[in-house]
Amino acid sequence: MNVVIFGANEVGRSIAEWLLNDWHEVSIIDADNFKLQDTEDELGSIVVHGDPTSEEILRLAGTGRADIFIASSRSEADNMVCCQMAKEVFQVEKTICLIYSEENRSLFQLLGIDSVINITAVSLRSIQENLNVDAILPLMYIPGSTPANLISIRIAEDSETIGEPLSNLTLPNGVSIKMIIRSGAIIEDSVEDTILRSGDQVLAITDSINLDQLKELFQ
């Protein structure tokens with residue numbers, strides 16, 4: 001499977017790492033040289049530098065051969081444009097766009113983007129807290145011979161992880177945590193050094209085998 005990702009941020013790199021480990025072909029586009037250098041150091045020569053809304057850059061990244069196009073950057077406008085170009089210009093079968101608020105969801109869907117995912121999951125988290133339902137939210141399915149899911153899990157009020165930095169936790173094998181959301185905002189500091197609090201949303205990539213272990217750890 002061929003996947004093109006726009007956004008060399010933590011989410012984009014985590015998805016790319018999982019796909020590469022499953023022997024898929026992956027390219028990451030970003031205009032930020034520093035992010036691309038970090039990505040190349042971590043994952044190898046899979047990066048393309050340039051404007052993701054440029055047809056030339058999308059073509060250079062292999063969008064014409066892509067089965068899936070994922071836009072994971074912090075710019076919803078750029079995410080929308082490049083997903084639309086991937087769909088209309090390059091006829092990519094499936095486009096996935098990450099958003100950070102619900103404000104533009106209907107517009108993204110109207111433009112024909114196949115899957116629109118609210119990465120902060122603010123409204124869903126509110127429903128969880130009020131109805132006391134399962135604290136694990138599936139956000140994105142990552143196909144492959146070892147399928148995975150991008151999930152959000154809320155730290156319970158009585159969790160033993162509260163007050164601990166993420167780096168102190170022993171995570172199940174194959175689990176990657178790259179982002180923490182607090183009060184609807186992404187924590188910009190180093191994830192590993194973040195002191196966990198009740199109600200934090202932890203974004204992780206994991207296979208289904210580890211879901212129960214993660215729930216036990218954070219609940």
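The values are calculated or read from the model by the stated rules, or taken from the named source; none is laboratory data. Keep in mind it's a predicted model, so treat the numbers as computed, not measured. Cβ atoms come from the backbone with ideal geometry, glycine included; neighbour counts cover every protein chain shown.
Go through the residues of segment 182-192 one by one and say whether even a single one is outside the structural domain of Tyr100 (by TED's automatic domain parsing), under 23 Å from His24 (Cβ atoms) and surrounded by 14 or more Cβ atoms within 10 Å (Cβ to Cβ).
no
Here is a yes/no grid of residues against (1) surrounded by fewer than 20 Cβ atoms within 10 Å (Cβ to Cβ); (2) farther than 21 Å from Arg13 by Cα:
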| site | (1), (2) |
| --- | --- |
| Thr146 | yes, no |
| Leu150 | no, no |
| Asp158 | yes, yes |
| Thr170 | yes, yes |
| Asn173 | yes, no |
| Ser176 | yes, no |
| Leu196 | no, yes |
| Val202 | no, no |
| Ser208 | yes, no |
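Checking each residue of segment 87-104 against the condition of being of a type in the set (Gly, Ala, Ser), outside the structural domain of Asn149 (by TED's automatic domain parsing) and more than 19 Å from Leu139 (Cβ to Cβ) gives no match.
Any chance segment 156-169 includes a residue that's touching a Pro at 6+ places or on another chain (Cβ under 9 Å) and not hydroxyl-bearing (Ser, Thr, Tyr)? There is no residue in segment 156-169 that is touching a Pro at 6+ places or on another chain (Cβ under 9 Å) and not hydroxyl-bearing (Ser, Thr, Tyr).
Per-residue answers, yes or no, for (1) of a type in the set (A, V, I, L, M, F, W, C); (2) modelled with pLDDT under 80; (3) assigned to a strand (DSSP E or B):
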position	(1), (2), (3)
Glu103	no, yes, no
Leu124	yes, yes, no
Thr161	no, no, no
Ser167	no, no, no
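Evaluated against (1) touching a Lys or Arg at 6+ places or on another chain (Cβ under 8 Å); (2) of a type outside the set (A, V, I, L, M, F, W, C); (3) without any contact (Cβ under 8 Å) to a residue 60 or more places away in the chain, Lys178 falls short on exactly one condition, (3).
Being among the aliphatic types (A, V, I, L, M), touching a strand residue (DSSP E or B) at 6+ places or on another chain (Cβ under 9 Å) and not assigned by TED's automatic domain parsing to the domain that holds Ile15: is that true of Ala156 here? Spelling it out, it is not the case that Ala156 is among the aliphatic types (A, V, I, L, M), touching a strand residue (DSSP E or B) at 6+ places or on another chain (Cβ under 9 Å) and not assigned by TED's automatic domain parsing to the domain that holds Ile15. Filter the helices (runs of 4 or more DSSP H) completely within segment 1-91 down to those with at least 3 residues that are modelled with pLDDT of 90 or more. By residue number, 33-43, 55-60, 76-88. Of the residues contained in segment 79-86, none is found to be of a type in the set (Gly, Ala, Ser) and surrounded by fewer than 19 Cβ atoms within 10 Å (Cβ to Cβ).
Identify the residue in segment 105-120 that is within 17 Å of Lys87 (Cβ to Cβ), among the aliphatic types (A, V, I, L, M) and in a loop (DSSP other than H, G, I, E, B) and, among all such residues, is modelled with the highest pLDDT. Among those that are within 17 Å of Lys87 (Cβ to Cβ), among the aliphatic types (A, V, I, L, M) and in a loop (DSSP other than H, G, I, E, B), it is Ile113. Need pairs with beta-carbon distance below 7 Å; first residue touching a residue at least 12 places away in the same chain (Cβ under 8 Å) and outside the structural domain of Thr63 (by TED's automatic domain parsing) and within segment 10-38, second aromatic (Phe, Trp, Tyr) and not in a strand (DSSP E or B); sequence gap 6+ or separate chains. Every condition considered, no pair remains.
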